[in-house]
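The values are calculated or read from the model by the stated rules, or taken from the named source; none is laboratory data. Nothing here was measured: the structure is a model prediction, and the numbers come from that model. Please note: Cβ atoms are built from the backbone with ideal geometry, for glycine as well, and neighbour counts cover all protein chains shown. To get the accessible areas, we keep the full protein, side chains included, count just its heavy atoms, and leave off ligands, DNA and RNA. Shrake-Rupley method; radii C 1.70, N 1.55, O 1.52, S 1.80 Å.
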Amino acid sequence: MTPKRITVAISDAGPLISLAMGQALDLLLLARPGVRLVVTDIVHFEVTALADRYADGAQIADFLVKNKDRVEIADTTIGRLALPSMRLQLERGERVQWGEDFGELSISGFIKNARNFNPGDPTMVLLEDDWFEENMYALPGNVHLVSTSSFLNGLERHGLIKSAKAIKDLIVSKRPGFRVDHLLDQQAGKIVQGTTWVPSFRPRLS
């Protein structure tokens, strides 16, 4: 059976920060027409309203504004509950109280709520920390986990970019803690056909 193509969801600010530092945010736009490219409302708030927390925050915010017709901002339950108070704190000039794992929890909620059948359409989660691996028991079975490092490797392996190493080297030069060796590409456990994310992306137009 042919593996199923996939929705692409960004787990938190981490992958966006790394891709920005590697001058590679536009790689997300290689997603083929019809492939959903999703950032949750919580992650969007973090990388736009709180953009000054990150060295490349303004670049990420600008990317999302310029590509608002391509990058979907998904409403989530945790966003509806938490964002009003965080926006109020921001307006008052107070320190925004950011909950632990807000980004990851919002993605998990988005995936669960987006399903209209079980296990649901396959969804790739682009990530950099271990939260999803450690909490697989609580995630729906349509989740395909891909680390930023493996994402870049996969694009190179299939001829969509020239050098994953060049991008990673640039990321590490600005973000020494970037996990080059975090090579996670784990298929969704409950999709019978298997899952694959590379066919959901296309080469750059020359």
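Evaluate the range 43-66: report whether one residue or more is open to solvent by less than 30 Å² (accessible area, probe 1.4 Å), within 22 Å of TRP197 (Cβ to Cβ) and part of a loop (DSSP other than H, G, I, E, B).
The answer is no; no qualifying residue exists.
Given the structure, is PHE151 open to solvent by less than 10 Å² (accessible area, probe 1.4 Å) and farther than 19 Å from ARG5 by Cα?
no
Which one is surrounded by the most Cβ atoms within 10 Å (Cβ to Cβ) among residues in the range 98-118 that are among the polar types (S, T, N, Q) and outside any helix (DSSP H, G or I)?
Ranking the candidates gives ASN118 first.
Would the range 119-139 turn up any residue that is part of a loop (DSSP other than H, G, I, E, B), open to solvent by 20 Å² or more (accessible area, probe 1.4 Å), without any contact (Cβ under 8 Å) to a residue 12 or more places away in the chain and closer than 27 Å to PHE45 by Cα?
Looking through the range 119-139, at least one residue is part of a loop (DSSP other than H, G, I, E, B), open to solvent by 20 Å² or more (accessible area, probe 1.4 Å), without any contact (Cβ under 8 Å) to a residue 12 or more places away in the chain and closer than 27 Å to PHE45 by Cα.
Output the residue which, of all residues in the range 1-42 that are touching an Asp or Glu at 6+ places or on another chain (Cβ under 7 Å) and assigned to a helix (DSSP H, G or I), is modelled with the lowest pLDDT.
Ranking the qualifying residues of the range 1-42, first place goes to ALA13.
Among the residues of the range 79-97, is any touching a His at 6+ places or on another chain (Cβ under 9 Å), under 25 Å from LEU29 (Cβ atoms) and either open to solvent by less than 70 Å² (accessible area, probe 1.4 Å) or in contact (Cβ under 8 Å) with a residue 24 or more places away in the chain (or both)?
yes
Only residues that are without any contact (Cβ under 8 Å) to a residue 12 or more places away in the chain and either open to solvent by less than 70 Å² (accessible area, probe 1.4 Å) or outside any loop (DSSP other than H, G, I, E, B) (or both): list them for the range 182-206, please.
Within the range 182-206, no residue meets the criteria.
List pairs: first in the range 30-52 and free of Cβ contacts under 8 Å to residues at least 24 places away in the same chain, second among the aliphatic types (A, V, I, L, M), Cβ under 6 Å, 6+ apart or cross-chain?
Pairs found: THR48/ALA61; ALA51/ALA58; ALA51/ALA61.
Looking at the range 144-152, is at least one residue in a loop (DSSP other than H, G, I, E, B) and without any contact (Cβ under 8 Å) to a residue 60 or more places away in the chain?
No, there is no match, as no residue in the range 144-152 is in a loop (DSSP other than H, G, I, E, B) and without any contact (Cβ under 8 Å) to a residue 60 or more places away in the chain.
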